[in-house]
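The values are calculated or read from the model by the stated rules, or taken from the named source; none is laboratory data. Here the structure is a predicted model, which is why all the values come from computation and not from measurement. Here the Cβ positions follow ideal geometry from the backbone for every residue, glycine too, while neighbour counts run over all protein chains shown. The protein model used for the area step is the full one, side chains on, heavy atoms only, and it has no ligands, DNA or RNA in it. Shrake-Rupley method; radii C 1.70, N 1.55, O 1.52, S 1.80 Å.
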Amino acid sequence: MESKGKAAVMTAPNKDLEIVEYPLPKVERGCILVKITCCTICGSDLHTWLGRRSSPVPIILGHEIVGEILEMGEGVTYDSGDRKLQLGDRITWTIMDNCGKCYYCREKGLMMKCRHLKKYGHDSCANPPHFVGGFAEYCYIFPGTCVIKIPDQLQDEITAPANCSLSTVAAGLEAANLEPFENILIMGAGALGIYAAAMASRYGCRQIIVTDVLDHRLKFIRRFGATETINTRNLDEREVIEAVRELTDGFGVDVTMEVAGVPSLLPLGLKCLRVGGRFVEIGNSFPNATFSYDACDIVWRRLTIIGIHNYDTKHLQMGIDFFLTMTRDVFPFNDIVTHRVSLGNINEGMRIAESGKAIRIAVLP
Ligand SMILES: [Zn+2]
Ligand SMILES: [Zn+2]
């Protein structure tokens with residue numbers, strides 16, 4: 001076996017990632033060493049790379065990862081769906097490694113906010129085991145991570161982006177208590193929006209309205225269950241609200257989900273809700289995304305605002321085990337990865353991601 005592996009390391013924001021070699025770690029009890037076969041570039045990788053949010057350095061970014069089991073520590077037996085794990089199995093895993101014992105893990109059901117949280121693609125890679133992010137040849141999985149064996153019929157490129165985007169959307173729709181026949185407004189037609197539209201259509205929503213400023217994205221998302229799309233580029237706020245009301249018998253939508261990461265969309269999305277509507281905020285996952293709003297409207301119209309950051313292990317399980325497997329022939333998930341780069345060409349991939357041209361870019365070691 002190789003004794004070293006390559007990783008693309010960020011040493012400072014706005015600087016090209018550098019290919020660095022690290023020694024492969026000794027695999028401890030409960031841990032797994034994975035040979036990465038695919039990692040997709042998430043919007044949050046881009047936020048970190050562009051310095052929109054602070055991060056430790058050096059760091060290996062990338063958390064939408066799939067790979068094959070190369071080595072298993074003592075005590076690793078089953079995945080979180082009780083399927084036996086063996087060398088060579090294709091797996092994916094939650095973005096977080098949580099302790100299962102702290103106040104948030106045990107008492108509040110918020111394992112993604114564990115007090116001893118580790119997150120793949122978010123922590124420094126300076127010390128062993130080094131391989132703690134997806135833009136690399138290997139990844140070292142800690143014992144508190146939920147590992148899922150990938151069903152044979154799901155290709156790597158379909159599964160990788162589901163890891164973060166699909167699971168987060170699943171957590172958001174669950175938190176919003178979305179019900180059949182309800183109307184939803186999805187603000188943003190990137191990967192999160194695509195999964196939200198597809199899931200909402202499986203929930204049995206009546207109107208699935210999507211807004212964005214890019215026509216090609218709006219056209220694309222219609223293939224994932226969106227019933228109506230609105231390009232808001234040249235519309236003022238009042239025109240958008242009117243268009244949404246017209247599509248919902250004059251009431252407004254039951255649920256708005258913001259997945260574009262644009263702070264000014266919060267006031268607009270709140271105004272598009274019916275009385276008693278629920279707003280799910282996912283997109284603005286970097287600091288200083290401020291907005292101003294008339295609190296009286298929230299009170300008088302009985303609105304609810306829910307923030308969703310990451311997800312529970314069950315959402316990854318749901319997303320991959322059930323949703324993708326069940327709907328892979330219904331929606332063209334194969335087309336979500338629009339660009340591919342090798343690990344050595346990752347900087348080109350990051351620039352394509354920045355340009356907004358791609359839905360998802362796969363980094364293939
Ligand atoms: Zn992500
Ligand atoms: Zn914990």
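The number of residues in region 118-144 that are hydrophobic (A, V, I, L, M, F, W, C), away from ligand 2 (no atom under 16 Å from the Cβ) and within 21 Å of the chain's Cα centre (by Cα) comes to 6.
When A126, A197, A189 are screened for being outside the structural domain of S285 (by TED's automatic domain parsing) and not in a strand (DSSP E or B), only A126 passes.
Tell me, yes or no, whether region 164-179 has at least one residue that is in a strand (DSSP E or B) and not hydroxyl-bearing (S, T, Y). No, region 164-179 has no match at all.
Each row is one residue, and each column tells you yes or no for (1) under 22 Å from L70 (Cβ atoms); (2) within 16 Å of ligand 1 (Cβ to nearest atom); (3) of a type in the set (S, T, N, Q).
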residue: L110; (1), (2), (3): no, no, no
residue: V132; (1), (2), (3): yes, yes, no
residue: P151; (1), (2), (3): yes, no, no
residue: A175; (1), (2), (3): no, no, no
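Filtering region 28-50 to residues that are open to solvent by 20 Å² or more (accessible area, probe 1.4 Å), farther than 26 Å from R360 by Cα and more than 16 Å from ligand 2 (Cβ to nearest atom) leaves E28, R29.
Kindly evaluate F286 against the criterion of being under 21 Å from F224 (Cβ atoms) and aromatic (F, W, Y). In short, no. Among the residues of region 77-92, those that are surrounded by fewer than 19 Cβ atoms within 10 Å (Cβ to Cβ) and not small (G, A, S) comprise T77, Y78, D82, R83, K84, L85, Q86, L87, D89. Please specify each residue of region 329-352 satisfying the condition of being part of a strand (DSSP E or B) and farther than 30 Å from R202 by Cβ. Once the filter is applied, which keeps residues that are part of a strand (DSSP E or B) and farther than 30 Å from R202 by Cβ, region 329-352 yields V341, S342. Residue pairs whose Cβ atoms lie under 6 Å apart, sitting 6 or more positions apart in sequence or on different chains, and linking a residue in region 19-42 that is free of Cβ contacts under 8 Å to residues at least 40 places away in the same chain to a partner that is open to solvent by 70 Å² or more (accessible area, probe 1.4 Å), are E21/K4; E21/K6. The set of residues in region 17-73 that are β-branched (V, I, T) and in a strand (DSSP E or B) comprises I19, V20, I32, V34, I36, T37, T40, I59, I65, V66, I69.
For beta carbons closer than 8 Å, sequence separation of 6+ or different chains, a first residue in region 151-169 that is within 16 Å of ligand 2 (Cβ to nearest atom) and a second that is open to solvent by 30 Å² or more (accessible area, probe 1.4 Å), there are no qualifying pairs. Scanning region 287-316 for residues that are touching a residue at least 60 places away in the same chain (Cβ under 8 Å) and over 14 Å from the mean Cα position of the chain (by Cα) returns P287, I306.
Check L235 against each of (1) more than 23 Å from E179 (Cα to Cα); (2) assigned to a helix (DSSP H, G or I); (3) of a type in the set (A, V, I, L, M, F, W, C) and name the one condition it does not meet. Looking at each condition in turn, L235 falls short on (2).
Being in contact with a Lys or Arg (Cβ under 9 Å, 6 or more places away or on another chain) and at pLDDT below 95 is a description that does not apply to S355. Output yes when any residue across region 86-93 is away from ligand 1 (no atom under 16 Å from the Cβ) and charged (D, E, K, R), and no when none is. Checked region 86-93: at least one residue is away from ligand 1 (no atom under 16 Å from the Cβ) and charged (D, E, K, R).
Scanning region 58-70 for residues being in contact with a Lys or Arg (Cβ under 9 Å, 6 or more places away or on another chain) and farther than 18 Å from E157 by Cβ gives a total of 2.
Candidates in region 102-112 are the residues that are free of Cβ contacts under 8 Å to residues at least 40 places away in the same chain and surrounded by 12 or more Cβ atoms within 10 Å (Cβ to Cβ); of these, the one that is farthest from ligand 2 (Cβ to nearest atom) is L110.
One residue is enough: does region 233-241 have a residue meeting the conditions touching a residue at least 40 places away in the same chain (Cβ under 8 Å) and touching a helix residue (DSSP H, G or I) at 6+ places or on another chain (Cβ under 8 Å)?
No, region 233-241 has no match at all.
Put simply, of G193, G261, G188, G225 the only residue that is open to solvent by 10 Å² or more (accessible area, probe 1.4 Å) and within 26 Å of S292 (Cα to Cα) is G261. Annotation: G319 fulfils all but one of (1) within 26 Å of D45 (Cβ to Cβ); (2) modelled with pLDDT of 95 or more; (3) crowded, with 22+ Cβ neighbours inside 10 Å; the unmet one is (2).
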